[in-house]
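The values are calculated or read from the model by the stated rules, or taken from the named source; none is laboratory data. The structure presented is a predicted model; accordingly, all values stated were derived computationally and were not measured. Ideal geometry is used to build each Cβ from the backbone, glycine not excepted, and the neighbour counts take in all protein chains shown.
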Amino acid sequence: MNKSNVWLVGAGPGDAGLITIKGLLCIQCADVIVHDRLVNPELIAQAPEHCEIINVGKEHDYHPIPQEEINQILLKYALAGKRVVRLKGGDPYVFGRGGEEAEVLAQHGIQFEIVPGISSSIGGLAYAGIPVTHRDYASGFHVVTGHTAQGSEQQNWEVLAQLEGTLIILMGMSRLEEICRQLIRYGKSPATPAAVIMYASHPKQDRVIGTLKTLPAKAEEKKLHAPALIVVGDVVNLSETLSFTPDSITSDELFSQLKNSTGGAI
Ligand code: SAH
């Protein structure tokens, strides 16, 4: 490893095997891991024994540790010369305030690196049998938040309703009904295929498939809640055909196989 003090590492959407090799290496070399709630515990278990583990888990609408405090934790350990791994769900720069954390580090002259991860907004859909693009159904995709920062502008649903392709909404569950209503109001057909995927790629993954009109009631009936992805577009129709059950190989096996195949380098 080089002289970086902090690595902002994407842990992937849930399935521990979806972390990158570099991300796993960072965990295995960490003195301190500062992680979010959604990060798979199997990944944290890969940390060395001396490593300090700090859970700054955040839930939707519920921030046990304010962002400012998280920034201070990163600074404190980095300035003390520790190897700090900031382990974040999905990709560190797709929502989740990774950009702000990196800015703070940069402002304080701390060497940092970004280790990108598989975002739930793409990989999470795949685990529910939904390809984010498809030659026949979607020539592009848009990833937006349903939950904008306090005091900032709301999403422009009028514009979003006009876009072709797949629309993926993160952090939108508390406004699911409103989001579907707005998209219909501004011109999307009520029959547009739509889905909610909860805990994508986790063992407790669940989903509902419907249309913009039927989705809110169906999601409520099944009691789906955050963390979940809302997906709107024709690719949703492929979900039945393209769903799969991930191989039962556990992450432990996966990681030890990886160790053997690299002669213990990992
Ligand atoms: N950086 C993350 C997103 C952080 S914002 C990424 O790239 O995936 C947190 C939101 O992401 C959640 O509210 C939810 O909408 C979505 N999310 C993250 N992981 C998820 C998962 N495994 N299943 C469903 N939604 C998920």
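Is it the case that some residue within segment 199-212 is under 18 Å from V143 (Cα atoms) and charged (D, E, K, R)? No, the conditions are met nowhere in segment 199-212. Can you spot a residue in segment 141-152 that is more than 13 Å from the ligand (Cβ to nearest atom), part of a loop (DSSP other than H, G, I, E, B) and among the aromatic types (F, W, Y)? The answer is no, given that none of the residues of segment 141-152 is more than 13 Å from the ligand (Cβ to nearest atom), part of a loop (DSSP other than H, G, I, E, B) and among the aromatic types (F, W, Y). Counting only strands (runs of 3 or more DSSP E) that sit completely within segment 21-99, those holding 3 or more residues that are crowded, with 18+ Cβ neighbours inside 10 Å correspond to 32-35, 84-88.
Inspect all residues belonging to segment 66-85 and state whether any of them is within 30 Å of S174 (Cα to Cα) and under 14 Å from the mean Cα position of the chain (by Cα). No - not one qualifying residue is present in segment 66-85. Applying the criterion of being among the β-branched types (V, I, T) and surrounded by 22 or more Cβ atoms within 10 Å (Cβ to Cβ) to the residues of segment 174-198, the residue that is farthest from the ligand (Cβ to nearest atom) is I179.
Here is the figure for segment 157-173: residues that are away from the ligand (no atom under 16 Å from the Cβ) and closer than 18 Å to H134 by Cα total 3.
Against the test of being out of contact with any strand residue (DSSP E or B) (no Cβ under 9 Å at 6 or more places or on another chain), within 16 Å of the ligand (Cβ to nearest atom) and closer than 30 Å to Q28 by Cα, the options S256, S251, S201 yield a single qualifying residue, S251. When V34, V94 are checked against the criterion of being touching a Gly at 6+ places or on another chain (Cβ under 9 Å) and within 16 Å of the ligand (Cβ to nearest atom), V94 stands alone in meeting it.
The set of residues in segment 216-235 that are away from the ligand (no atom under 15 Å from the Cβ) and not charged (D, E, K, R) comprises P216, A217, G233, V235.
Taking every residue in segment 85-106 that is on the phi > 0 side of the Ramachandran plot and pairing it with any residue that is among the acidic types (D, E), at least 6 positions away or on another chain, the pairs with Cβ-Cβ distances below 8 Å are G96/D36. State whether the residues of segment 137-156 include one that is surrounded by fewer than 20 Cβ atoms within 10 Å (Cβ to Cβ), modelled with pLDDT of 95 or more and over 16 Å from V231 (Cα atoms). Within segment 137-156 (the criterion being surrounded by fewer than 20 Cβ atoms within 10 Å (Cβ to Cβ), modelled with pLDDT of 95 or more and over 16 Å from V231 (Cα atoms)), the answer is no, since none of the residues qualifies.
In segment 242-253, the residues that are in contact (Cβ under 8 Å) with a residue 12 or more places away in the chain form Cβ pairs under 6 Å with partners that are assigned to a loop (DSSP other than H, G, I, E, B), at six or more places apart or across chains, as follows: L242/G129; S243/G129. Taken across segment 199-212, residues that are of a type outside the set (A, V, I, L, M), assigned to a helix (DSSP H, G or I) and either surrounded by fewer than 17 Cβ atoms within 10 Å (Cβ to Cβ) or without any contact (Cβ under 8 Å) to a residue 60 or more places away in the chain (or both) do not occur at all.
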